[in-house]
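Some notes on the structure that comes next.
The values are calculated or read from the model by the stated rules, or taken from the named source; none is laboratory data. None of the values given here were measured: they were computed from a predicted structure. In this analysis, Cβ positions are derived from the backbone assuming ideal geometry, glycine residues included, and neighbour counts consider all displayed protein chains.
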Amino acid sequence: MNPASVPPPAAIEERGPRDFDLAAVVADGKPLVIRGLVRDWPIVKLARQSDTAFAQRLAELDNGADVTTLLIAPDAEGIIGYTSDLGEFNYQHFKVPITLGLQRLAGYSQRAHAPGLVIQSVPIRECLPGLLSDHKLPFLDPSIEPRLWMGNRTVTPTHFDSQRNIACVVCGTRRFTLFPPDQLPNLYVGPLDYAPTGAAISMARLDRPDDPRYPRLKLALATALAAELDEGDAIYIPPLWWHHVESCEQLNALVNYWWNPVDVPGYVSGHARAALYHCLLAFRALPAAERAAWRNLLDYYVFGDDDPVAHIPEQRRGVLGPLTAETVEKLKQGARSNL
C-alpha cells in the first residue's frame, strides 16, 4: 500500500486472556485481539517448535476424510477471487484428506512461484476429531463447533460473516484488516449470488488504493483497523464487520468458532441473509415513494429504538413480542403464508 495515499490502519484493541470477558466484548460490538488466548493448546506448542512438528501431529490425527480444498493459480498471487472478467472463480476445487493437503503444502514451500492452496472451513469433528478433547475455548458453549482453515501464503478478500466469530491462529501468522459495517458503500462488493466460497467479497484490492475503478476505497481505508496475529493469538470479529485476512507464511492454520447472535431455539443466522434476499425481491423494484414508505415501516418495527408495542396488551403482541421458540415458529409460518 502506498503510504502517501492513505494513512496506515489503526491498531485493533488488544487484551490478554485474563482481561478478556466475552459477554462484555460482545456487548461492546467492536473487534478485539486476545493475545495468547490459545498459546497453551498442544497443537500451538508444536507449531511454535516447527512447521514439521505441527504437520506431523495433524497427520497422526487425520481420519482420512476428504476436505474442501482450493488450488489457486500462481499468477493470482494467492488471492481467492474471480478471473479478470468475473466469468469464473480463479481457483480449482478439490476434495482431499488433510495429510495429502499437508504434503502438497510442503512441496509448494520449495517452489519460488507456487500455487496457493487453502483448506477451507472444515469442521474439525469431520477430519481431526482427536483435536477436540484438548483444544477448547471453555467460555464457549460446547455445541459451538470449531472449524479449520489451513494453507500457504493466500488472501481471503474483504467479506463479512453474519455470525459472531472467534478466530485462533494455531500455526504461522495472519494479518487481519477490519472495516466497520457502515463502510459497505466504499468497499465495492461483488455479486451476492456469485461469490467465491459463498461470501460476497470486495472487488477492490487493499494494496491498490489508487485503482481508478474504486475511488471511494480510500474512504474505507481511512477507517481500517488492523492486527497481525501470531501462533496462540486470537481475534473476536463481530457480525457484519468486514474483514480481510492475509496468511503470511508457507504454512498457516487457524481454528475458528462461529455462533449465532440470537440464542433462541429455531433461530439460525441464515434468517438474516434470507431476509436480505426477500427484501431485494419485495422492495427493490417498487417506486421510490413506496420504498420510502416501506423503509419507514421497517425502521419502526425492526430497526428503530422506539417501542412499537407498548400500547398493545402483552398477551396480544404476538410476533411483535419477545423472540422465543414459539415466536420464531409463528414468524416462519407468517413468512410462508404471505408468499
Of (1) polar (S, T, N, Q); (2) within 30 Å of A220 (Cβ to Cβ); (3) modelled with pLDDT of 95 or more; (4) assigned to a loop (DSSP other than H, G, I, E, B), N63 satisfies every one except (2)
If S133 satisfies every condition in (1) polar (S, T, N, Q); (2) free of Cβ contacts under 8 Å to residues at least 60 places away in the same chain; (3) closer than 30 Å to L221 by Cβ but one, which is the exception?
(3)
Give me the pairs: first residue in region 17-46 and within 21 Å of L240 (Cα to Cα), second residue assigned to a helix (DSSP H, G or I) and of a type in the set (V, I, T), beta-carbon distance under 8 Å, and six or more apart or on different chains, which are they?
L32/V25
Of Q110, Q183, which residue is of a type in the set (S, T, N, Q), out of contact with any Asp or Glu (no Cβ under 8 Å at 6 or more places or on another chain), farther than 30 Å from R18 by Cα and part of a loop (DSSP other than H, G, I, E, B)?
Q110
Listed residues D75, D40; which is assigned by TED's automatic domain parsing to the domain that holds D193, assigned to a loop (DSSP other than H, G, I, E, B) and of a type outside the set (V, I, T)?
D40
If I filter region 133-146 for residues that are of a type in the set (S, T, N, Q) and either buried (at least 17 other Cβ atoms within 10 Å of the Cβ) or farther than 22 Å from Y257 by Cα (or both), do I get at least one hit?
no
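Each row is one residue, and each column tells you yes or no for (1) of a type outside the set (K, R); (2) out of contact with any Pro (no Cβ under 7 Å at 6 or more places or on another chain); (3) in contact (Cβ under 8 Å) with a residue 12 or more places away in the chain; (4) surrounded by 11 or more Cβ atoms within 10 Å (Cβ to Cβ).
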position	(1), (2), (3), (4)
A288	yes, yes, no, no
A293	yes, yes, no, yes
H311	yes, yes, no, no
R316	no, yes, no, no
L323	yes, yes, yes, yes
K330	no, yes, yes, yes
N338	yes, yes, no, no
Filter result for I119 (surrounded by 14 or more Cβ atoms within 10 Å (Cβ to Cβ), of a type in the set (A, V, I, L, M, F, W, C), in the same structural domain as A195 (by TED's automatic domain parsing) and within 19 Å of P74 (Cβ to Cβ))
yes
